[in-house]
Every structure is written in C-alpha cells, then in structure tokens.
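The structure appears right after this line, and notes come after that.
What follows is calculated from the coordinates using simple rules that are stated; it is not laboratory data. Since we're looking at a predicted model, the values are computed, not measured. Note: ideal-geometry Cβ built from the backbone for every residue, glycine included; neighbour counts use all protein chains shown.
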Amino acid sequence: MREHLEQVEKTTGRDVGLNGPTLPDLGAYLWETFMELHNGRDYGANGPNPLSYQLILAWNQLTGVVLSPWEIGVVKALDNLWIKKINED
C-alpha cells in the first residue's frame, strides 16, 4: 500500500499524507525517545518483543536522559500500539 501511495505522490505531485501529522513540540521528544528505543528492540521467534524496562534503563544510563514514570508510561503505550499494529498486519 505504501509503495502504491508513494507512486501516486510521485505521479500526481499531490501529498497523500504518508508523513502523517506533525507532532507538537511538547510531545515530539517522547516519539523520538520511542524511536531510539525501538531501534534497540529485541526480536524473538514470533517477531518483535515489547520494549523492556531493562532496555529503557540501559538507554537512560547510556544517554543520561532520565525519564519520569509518566514519560516511561507514554513510551510503553506507544510501544503497545506499535506491537498491536504489527500483529494486525
């Protein structure tokens, strides 16, 4: 589907919304944090594993970025949504 929509954009020059909405500055850092953690994700025989608290702690120690409990909750919620979507496909 993405390849089809990319071709539509290329052919028509019209934006079909592949990049999604722009995140507000106040929340963009949480998405960036999720993406950094996602890049360190483990995969098992059945596909991607959820982001672990151990991974978040290791990331925290490596980057020096300390997340509050609610920020960790948001990152974990994003991860749950991502895994749900992957499993639907």
How far apart, in nm, are two points set 7 Å out from the Cα along the Cα-to-Cβ line at Glu3 and at Leu23?
2.9 nm
Under 10 Å, Cα contacts only: if you run a Gaussian network model on the chain, which one of Leu62, Leu37, Leu23 comes out with the highest mean-square fluctuation?
Leu62
For a footprinting-style exposure proxy, rank Ile56, Ile86 by other Cβ within 10 Å, fewest first.
Ile86, Ile56
Descending Cα extents along the principal axes, the chain, whole Å:
47, 36, 20
Between Asp15, Asp79, Asp25, where does the largest GNM mean-square fluctuation fall for the chain, given springs only between Cα atoms within less than 10 Å?
Asp15
Listed residues Val16, Val74, Val65; largest mean-square fluctuation, Gaussian network over the chain with Cα springs below 10 Å, found at Val16
Unit charges on C-beta of K, R, D, E only; dipole of the chain, Debye
120 debye
